[in-house]
Amino acid sequence: MVGLNKEFSRERRDFLTQDYSRGFIGAVGYQVQEYRRGYLESRLQVLDRHRQQDQYIHAGVLATMADHTAGYAAFSLVDETHRILTIEFKINFLEPAYGQALICKSRILREGGRVLVGESEIFDRRSAGEVLAAKALVTLMSVHQDKIKEVTIDR
């Protein structure tokens with residue numbers, strides 16, 4: 001059980017909640033709604049920029065949300081010295097999304113060791129209610145921060 005975190009402190013939760021929306025994720029607009037050990041719920045207020053040519057919410061918006069939210073659900077289970085990297089994910093689009101908001105509910109199905117498996121469900125919030133629009137299975141790896149290769153960005 002490499003880097004397994006038995007506790008999920010308020011400080012860790014607050015840090016990961018803020019960290020969740022850095023960079024690209026913040027630019028897209030995903031936000032944490034609920035966070036507990038092994039579970040994260042995120043939300044996206046849908047804007048015109050999230051839609052494709054037929055006004056559906058772009059599949060890439062849903063796929064990124066499923067992957068990233070599962071990754072941060074996994075972060076709640078590992079030691080602070082570990083990072084989470086996605087190994088693989090598969091997503092099924094069950095219904096076109098076109099509502100005003102997306103809600104992603106991710107939970108870790110398997111924890112412990114270096115490999116974690118998560119499940120993400122994305123609900124399309126419409127005026128008539130919420131519809132399950134996509135479901136993803138996400139395989140993640142816990143890696144000690146010392147093994148993360150430092151990257152120099154070419155500018």
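Laboratory data are not the source of any read-out in this text; all were calculated from the coordinates shown. Model, not experiment: these values are computed from the prediction. Positions of Cβ are generated from backbone atoms using ideal geometry, with glycine treated the same way; all protein chains shown enter the neighbour counts.
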TODO: Output the number of the condition that Arg83 fails; it satisfies all remaining conditions of (1) of a type in the set (Lys, Arg); (2) more than 21 Å from Glu11 (Cα to Cα); (3) touching a Phe, Trp or Tyr at 6+ places or on another chain (Cβ under 9 Å).
DONE: (2)
TODO: May I ask you to verify whether Val117 is touching a residue at least 60 places away in the same chain (Cβ under 8 Å), of a type in the set (Val, Ile, Thr) and under 20 Å from Met141 (Cα atoms)?
DONE: no
